[in-house]
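Here is the structure we will look at.
No lab work stands behind these numbers, since they all come straight from the coordinates. Just so it is clear, the structure is predicted and the values come from calculations on it, not from any experiment. Reconstructed Cβ throughout: ideal geometry from the backbone, glycine too, with neighbour counts over all protein chains shown.
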Amino acid sequence: MITINLPNGSQKTFDHDKVSLIDVAKSISNSLAKEVLVGSSNGIIIDTNDSIKDGSKINLFTFNDDEGKNAFWHTSAHLLGAALQELYSNVLLGTGPAIENGFYYDVDFGDYKFTDADFKAVENKMLDLAKLKSKNVRSEVSKQEALAFFTLNQNKYKLELIDGLQDGNITFYKTGDFTDLCDGPHIPDTGLIKAIKITSISGAYWRANEKNKMLTRVYGISFPKKTELDAYLDALEKAKERDHRKLGRELELFYFDEEVGMGLPLWAPKGEALRQNLIGFLKKIQMRAGYQHVATPHIGKKELYITSGHYAKYGQDAFQPIKTPTENEEFFLKPMNCPHHCKIYATKPRSYKELPIKYAEFGTVYRYEQSGELHGLTRVRGFTQDDAHIYCRPDQLKEEFLKVVDLVNLVYGKLGFTDFQTQISLRDPNNLEKYLGTDEMWRLSESAIIEATRERGMKTTTKEGEAAFYGPKLDFMVRDAIGRKWQIGTIQVDYMMPENFNLTYTGSDNTSQRPVMIHRALFGSMERFIALLIEHTAGNFPVWLAPVKVIVLPIASKYNEYSQQIADRINEEFDQQIEVDSREEKIGRKIRDAETQKIPYMVIIGEKEMETQSVSIRVHTQGDVGTVTLNEFIEDLRKNLKIS
């Protein structure tokens with residue numbers, strides 16, 4: 001007899017000693033069994049035909065679940081690899097994982113130039129292979145067997161991967177005639193894959209190392225139904241109009257320039273106005289919440305980051321050190337703000353009565369992201385964090401953590417981000433050497449996050465291995481216009497850095513005690529947040545946030561002077577830069593250009609307006625709303641400048 005525990009708390013009992021996930025699914029309903037792609041047993045993702053032990057807690061995942069999609073797209077990557085091997089001679093496959101939206105395979109095509117003209121042939125071959133309904137068969141192999149297999153195949157990339165694996169932990173998956181080095185899991189058979197699209201290609205250095213060969217990364221996506229692929233492609237087409245890279249240039253917000261450097265955005269006046277509007281908004285909220293704003297240098301001595309622990313963990317991701325004429329003196333472009341804030345805390349003795357102390361900074365940091373990973377503003381090499389660090393007593397930790405959670409909800413709500421996900425990121429129990437600190441520190445910090453989220457009734461997912469090296473965190477994720485998930489805000493609990501910097505305070509019993517540190521960013525990086533904000537609003541920012549709120553449009557040059565007077569008066573009232581379009585263009589062209597720039601208010605000035613000292617108002621996307629006095633318009637504008 002085997003008893004299985006289901007997610008709803010109920011149990012299923014089987015009168016035979018070998019039970020698989022698919023057996024459990026069939027015992028619930030045949031329709032569910034047809035849709036189950038993978039499952040989990042006691043939190044470990046497994047194939048549907050894997051056996052389950054007595055007393056296990058299981059979950060069943062379909063394409064509607066992230067786990068199901070991941071397995072579906074992982075199998076599709078294998079199908080892509082099989083198709084490429086059949087279509088192109090001497091092709092060598094690197095790695096082929098599932099990703100947030102689809103899958104890719106890194107491929108060495110040798111002398112062949114693979115282009116988008118090849119996409120259709122690959123799609124057709126993949127569909128032909130899918131129709132064979134090949135099972136995905138897992139096998140455990142010895143290191144010697146694995147090396148022998150890929151030596152026969154002359155695949156130097158797989159041999160390099162196997163060389164780094166330990167004997168006894170190597171598995172293959174066979175799909176039809178295709179065999180790949182893989183941990184799995186996979187969907188039951190390829191027949192479930194009904195619709196496939198190769199979406200793009202890019203260059204990718206082998207193992208993300210610029211010293212290695214550049215491979216061709218072939219991206220694709222697949223679905224169980226063609227209607228789902230059609231809907232995805234339709235959404236993709238619509239999303240192109242919201243792409244922050246396209247809108248950023250059209251709205252004159254930001255630019256990139258090769259001579260300045262990849263991943264280093266140049267903020268134009270309108271883009272900087274948008275940044276400052278966001279910064280001003282958050283500064284006011286932070287000051288009300290007891291934060292003190294600080295500023296720290298763009299560089300720091302190497303020793304600072306050795307002390308914090310960042311150098312050992314992230315030294316490879318930093319820019320190369322800056323050497324000075326002084327022997328053995330090295331500086332780094334600042335990769336994070338927290339060590340600098342610790343030094344501010346340490347400038348004088350602290351008392352328990354002072355805590356919590358909250359330092360906030362809009363600090364620019366620099367990280368050497370691989371060129372293939374750069375993507376508009378969402379992944380850059382120089383970015384500004386709305387960073388803050390809270391130094392508190394251990395007994396204040398949960399309360400302060402909850403205050404930050406409430407702050408996140410307040411800020412996101414006012415900016416229209418109501419549909420976001422939260423993830424508790426814990427350390428990997430099987431790889432503890434990656435992390436600093438004692439088990440007790442981690443127990444306290446992880447339990448503080450879990451308790452706080454439960455107290456607020458938050459729906460969270462938990463991911464092991466996603467914690468920062470110094471502590472666990474609560475990450476906030478939003479989806480962009482095509483469904484990709486991006487991390488923006490984060491709250492992290494850290495017992496380790498106060499230890500590293502020997503930060504103390506005098507307790508109520510007059511003894512020296514150690515504070516706990518909360519790392520906190522609500523926007524995450526200003527660059528990524530603005531990218532998502534552009535796509536979320538399609539560039540139609542609320543009036544209070546818009547970089548240009550009002551533009552005055554004289555219908556002829558003889559009204560330019562009065563138009564400037566109008567602009568000056570509005571600017572005096574609100575301290576905003578009000579534009580006047582004094583070009584020798586027809587009013588229709590001026591209105592079209594203002595609509596393209598998505599400026600909320602257009603003030604039209606002609607003979608009647610100048611004679612009556614009035615203004616005609618046109619609202620973006622709404623059209624003409626009538627003629628009013630300037631004072632009436634100013635009062636209406638004042639109401640709309642308030643943050644809802």
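Per 0.36 nm of contour for each residue apart, how much would the distance between Lys194 and Phe469 grow if the chain were fully extended, relative to their Cα-Cα spacing? Could the numbers behind the result be given before it?
Details: separation 275, 0.36 × 275 = 99.00 nm, distance 4.15 nm.
Separation in residues times 0.36 nm, less the Cα-Cα distance, equals 94.8 nm.
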Exposure proxy check on Asp568, Asp395: fewest-to-most Cβ neighbours within 10 Å is Asp395, Asp568
In this structure, among Lys238/Lys459; Lys283/Lys323; Lys26/Lys57; Lys194/Lys238; Lys69/Lys398, pairs with alpha-carbon gaps over 27 Å are Lys238/Lys459; Lys283/Lys323; Lys69/Lys398
Over all pairs of different Cα atoms in region 217-351, the reciprocal of the mean inverse distance gives a Kirkwood radius in Å of 19.9 Å
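How would region 2-62 be classified by its alpha-carbon gyration tensor: rounded, prolate or oblate, with rounded meaning a/c under 1.5 and the a/b versus b/c comparison settling the rest? Walk me through the numbers on the way to the answer.
On the way: a/c = 1.34, a/b = 1.20, b/c = 1.11.
The shape class here is rounded.
On a full-extension model of 0.36 nm per residue, what is the gain between Lys18 and Gln276, subtracting their alpha-carbon distance, rounded to one decimal in nm?
Values: separation 258, 0.36 × 258 = 92.88 nm, distance 6.30 nm.
Fully extending the segment from Lys18 to Gln276 adds 86.6 nm.
To the nearest µm²/s, what D does Stokes-Einstein give for region 334-493 at 4 °C and 1.567 mPa s, using the Kirkwood radius over alpha carbon pairs as Rh? Working shown, then result.
Details: Rh = 17.4 Å.
After rounding, the answer is 75 µm²/s.
Taking only C-alpha pairs under 8 Å that are 6+ residues apart, what is the relative contact order of the chain in percent?
Numbers: 1185 pairs, mean separation 56.6, N = 644.
Relative CO of the chain lands at 9 percent.
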Over 18 Å (Cα to Cα) among Lys120/Lys197; Lys125/Lys226; Lys246/Lys598 -> none
Taking Cα atoms only, Rg over Rh for the chain with Rh from the Kirkwood formula is 1.01
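For each pair in Lys18/Lys133; Lys213/Lys301; Lys143/Lys213, compute the distance between the two Cα atoms and list the pairs where it is over 32 Å. Walk me through the numbers on the way to the answer.
Working: Lys18/Lys133 25 Å; Lys213/Lys301 34 Å; Lys143/Lys213 25 Å.
The pairs that break the limit, which is 32 Å between Cα atoms, are Lys213/Lys301.
Whole number please: convex hull volume per residue of the Cα set in region 550-640, in Å³? Show your work: numbers first, answer last.
On the way: hull volume 7.9 nm³, N = 91.
Given the Cα convex hull of region 550-640, per-residue volume reads 87 Å³.
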The Cα extents of region 67-240 along the principal axes, largest first and rounded to whole Å, are 48, 35, 27
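Can you check what the net charge comes to around Val628, using other residues whose Cβ is under 11 Å from the Cβ of Val628 (Lys, Arg +1; Asp, Glu -1)? Can you show the working numbers first?
Numbers: positive: none; negative: Glu609, Glu632, Glu635, Asp636.
In short, -4.
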Here the gain from full extension of Lys211 to Glu259, 0.36 nm per residue of separation minus their alpha-carbon distance, amounts to 15.1 nm
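Calculate the all-directions average of the projected area of region 40-94's alpha-carbon convex hull, and give it in nm².
Values: hull surface 20.4 nm².
Spelled out: convex hull of the Cα atoms, projected over all directions, averaged, 5.1 nm².
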In the neighbourhood of Tyr562 defined by beta carbon distances under 13 Å, the net charge of the other residues (Lys, Arg +1; Asp, Glu -1) is -2
Here, Glu330 and Met287, labelled 7 Å along Cα→Cβ, have an inter-label distance in nm of 4.1 nm
For Lys434, the lysines lying under 17 Å Cα to Cα, once residues fewer than eight places off in the same chain are dropped, come out as Lys313, Lys463, Lys473
Exposure-ranked with fewest Cβ neighbours within 10 Å first, Leu93, Leu355, Leu236 stand as Leu236, Leu355, Leu93
